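Engineer: Pasting in a structure now, in structure tokens, and then I'll have a few things to ask.
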Amino acid sequence: MATTTTMSSSMAASLVTSLRSLPAHALVPLVASALLFVAAVVLRRRRRPVYLLNYSCHLPDVDRKVNLEVCEYFGQRCRHYSDDTADFMRLIYRKSGLGQETYAPPFIFSGEFQKTQAFAVQEAEEGLFATVAHLLAKSDVRPRDVGFVVVACSMFSPAPSLASMIVRRFGMPPGTRTYSLAGMGCSAGTVGIDMAARALRVSRRGGYALVVVTENMSLNWYFGENKHMLVTNCIFRVGSAAALVTDVAARRGDAKYELVRTLRTHHGGDDAAYNAAVQMEDEEGNVGVALTKDLVRVAGAGLRQHIATLAPHVLPVSELLRYVWRVARAYVAGNPKAAAAIVPDFQRAFEHMCIHSGGKAVIDAVAKLMAFGPQVVEPARATLHRFGNTSSSLVFYELAYFEAKRRVRAGDRLWMLAFGTGFKACSNVWRALRDSAPDADNPWNACAHRYPAALPPPSTRRSSGGAPAMDSTHLKNDKLP
């Protein structure tokens with residue numbers, strides 16, 4: 001070690017002596033070249049900024065709207081469910097937090113009461129094509145300018161792929177690089193943004209990346225009697241979104257947000273987390289997705305680990321110190337359980353939060369764990385009520401809610417948080433580049449004034465047949481405050 005140190009010192013001394021012996025006219029260019037090299041290295045290490053140029057959310061036709069009456073009619077006419085099963089789904093629907101204006105897949109209204117590949121393709125095309133067309137038109141981007149296409153759909157993976165369907169429909173060039181994500185669950189929207197940003201940054205030419213997220217219910221509607229698998233029928237609804245991200249510096253003035261940070265954590269090493277939401281067959285061979293009772297606990301545990309990684313990168317130093325002080329004080333008081341329950345105040349890091357709105361219980365669990373007040377989770381509850389669980393696109397519907405309410409101001413920080421099967425948690429952190437205003441195709445334009453809505457509590461009365469009574473407030477339009 002001593003010998004190595006001596007040799008290094010000797011070489012440094014020799015280098016300094018050599019430089020001093022150089023004439024000024026030779027030394028100046030040499031120093032300038034060294035400084036330029038250092039500057040180039042520093043700039044190269046700094047990641048190119050990625051912007052959210054714009055996005056669009058799918059608003060299905062009015063004839064796709066579904067309420068409790070439509071659900072009950074379909075359940076009775078399809079003759080796949082027993083009376084007990086129908087009563088169970090009715091109870092879940094009333095407690096779900098969904099309103100009376102969500103959207104169902106085409107086969108629900110077909111009168112055939114059978115799920116087929118044709119209906120699945122129709123559902124996909126209706127959402128994907130309309131959303132991408134609106135987005136490209138309002139972003140002033142031609143299809144041939146899109147270098148990357150990332151399409152996420154967890155439960156429907158046809159051949160050719162959904163990404164290929166989009167390339168063909170919009171006539172994109174052969175050099176377009178496409179990626180199809182499946183099985184990612186509700187986190188696929190935030191995962192898609194992360195993947196698109198990474199693709200742009202490693203590409204020498206950069207450009208535009210199109211992220212399209214959707215879910216497909218047509219082939220995944222459950223026709224069995226397993227209660228764990230019936231829940232998805234009651235809460236999942238039709239929805240799609242498309243986002244255009246770019247690293248083109250000239251488009252910064254047109255962009256809405258700058259991507260500050262992404263984080264993905266995977267908790268599938270734990271058996272309970274892995275099995276919290278699983279596609280499977282029941283005893284009769286009916287395929288569906290089983291949501292276990294452990295799902296909410298798993299979401300809470302995964303969120304704790306996720307924010308432990310995220311917090312140091314987004315929270316101000318003052319809040320981190322405050323958090324450390326509160327935890328230390330609880331330990332000194334001999335209360336380790338209280339110390340473990342303490343979380344930092346993330347409202348110090350973000351002005352707006354698009355929280356995973358996968359279900360009423362999940363929203364409640366996140367609000368309790370993070371100590372969020374009603375105003376913080378209002379967009380999540382409103383999105384669940386108006387559109388249901390649209391899976392990977394739900395965070396974009398929440399973002400559209402903020403813009404419809406004109407709440408986002410230039411410089412505001414926004415947090416997208418989504419959970420997915422596996423079990424995964426994913427965050428996108430954005431900074432607003434300008435004040436928000438709703439676009440012409442914002443899905444909330446016709447209904448934002450009705451939210452936040454005062455939702456009636458679920459009825460506990462029972463009819464003479466033993467099923468929950470049909471409360472008339474559930475069959476009318478949303479109750480307003």
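Engineer: At residue 333 and residue 72, where each label point lies 7 Å from the Cα along Cα→Cβ, what is the point-to-point distance in nanometres?
Structural biologist: 5.0
Engineer: Which FRET efficiency, nearest 0.05, do residue 313 and residue 410 yield, Cβ-Cβ r, R0 22 Å?
Structural biologist: The formula returns an efficiency of 0.50 here.
Engineer: Ok, one more. Work out from phi, with θ = phi - 60° and the Karplus expression 6.51 cos²θ - 1.76 cosθ + 1.60, the ³J(HN,Hα) of each residue of the stretch 254-268, listed in order in whole Hz, and give x for Gly and Pro.
Structural biologist: 3J(HN,Hα) across the stretch 254-268, in whole Hz: 8, 6, 8, 9, 10, 6, 8, 7, 10, 8, 10, 10, 10, 10, x.
Engineer: Name the long-range amide H neighbours of residue 388: under 5 Å, sequence gap of 5 or more, or other chain; modelled H, no Pro or chain starts.
Structural biologist: Answer set, sorted by chain and number: 99.
Engineer: What is the stretch 173-282's relative contact order, in percent, from Cα pairs under 8 angstrom and six or more apart in sequence?
Structural biologist: 26
Engineer: Note down the accessible area of residue 343, probe 1.4 Å, to the nearest 10 Å².
Structural biologist: 20
Engineer: At a 10 angstrom cut-off on C-beta neighbours, averaged per residue, how do the peptides 289-298, 70-79 rank from highest to lowest?
Structural biologist: Packing proxy ranking, top to bottom: 289-298, 70-79.
Engineer: Quote the FRET efficiency, to the nearest 0.05, computed for residue 326 versus residue 292 with a Förster distance R0 of 35 Å and r equal to the Cβ-Cβ distance. Please list the in-between numbers first.
Structural biologist: Details: r = 33 Å, r/R0 = 0.95.
Working from the Cβ atoms, E equals 0.60.
Engineer: Place +1 on the Cβ of every Lys and Arg and -1 on the Cβ of every Asp and Glu in the stretch 58-214, take the dipole about the Cα centre, and give the residue among 161, 203, 131 whose Cα lies farthest towards its positive end.
Structural biologist: 203
Engineer: Next question, about the same structure. Lysines within cross-link reach of residue 95: Cα-Cα under 29 Å, excluding same-chain residues under 8 positions apart?
Structural biologist: Cross-link targets: 65, 115, 227, 293, 360, 368, 405, 424, 476, 479.
Engineer: Still on this model: Suppose each label sits 7 Å from its Cα in the direction of the beta carbon; what would the residue 110-residue 137 distance come out to in nanometres?
Structural biologist: 2.8
Engineer: I've got another one for you. Give me the one-decimal nm value for the distance between modelled label points at residue 364 and residue 227, 7 Å along each residue's Cα-to-Cβ direction.
Structural biologist: Those two pseudo-labels are separated by 1.6 nm.
Engineer: Mind pulling the per residue volume of the convex hull built on the Cα atoms of the stretch 258-388? Å³ is fine.
Structural biologist: 152
Engineer: If you plug each phi of the stretch 216-230 into the Karplus form 6.51 cos²θ - 1.76 cosθ + 1.60 with θ = phi - 60°, what whole-Hz ³J(HN,Hα) values come out, in order, with x for Gly and Pro?
Structural biologist: Working through the residues one at a time gives 10, 9, 4, 9, 10, 5, 9, 10, x, 10, 6, 5, 5, 9, 7 Hz.
Engineer: What does the charge count near residue 125 come to, summing +1 for each Lys or Arg and -1 for each Asp or Glu among other residues with Cβ under 13 Å from its Cβ?
Structural biologist: In short, 0.
Engineer: Next up: Given R₀ = 25 Å, what would the calculated FRET efficiency be for residue 164 paired with residue 205, taking r from the Cβ atoms and rounding to 0.05?
Structural biologist: Step by step, r from the Cβ atoms, then E = 0.65.
Engineer: By a straight-distance test (C-alpha under 14 Å), which aspartates and glutamates pair with residue 138 as possible cross-link partners, with residues fewer than eight away in the same chain excluded?
Structural biologist: Qualifying aspartates and glutamates at Cα under 14 Å: 254, 439, 441.
Engineer: Also, I was wondering about something else. Classify the stretch 222-277 from the C-alpha gyration tensor, please: rounded if a/c falls under 1.5, else prolate or oblate depending on whether a/b exceeds b/c. Before the final figure, lay out each step's value.
Structural biologist: Numbers: a/c = 5.62, a/b = 1.93, b/c = 2.91.
It comes out oblate by the Cα gyration axes.
Engineer: Right, next: I'd like the Kirkwood hydrodynamic radius of the stretch 101-241, using the inverse of the mean 1/r over distinct C-alpha pairs, in Å.
Structural biologist: 16.1
The values are calculated or read from the model by the stated rules, or taken from the named source; none is laboratory data. Keep in mind that what you see is a predicted model, and the values were worked out from it rather than measured. Every residue, glycine among them, receives a Cβ derived from its backbone with ideal geometry; neighbour counts consider all protein chains shown. Ligands, DNA and RNA are stripped out before the accessible areas are found, and what is left, the full protein with its side chains, is counted by its heavy atoms. Shrake-Rupley method; radii C 1.70, N 1.55, O 1.52, S 1.80 Å.
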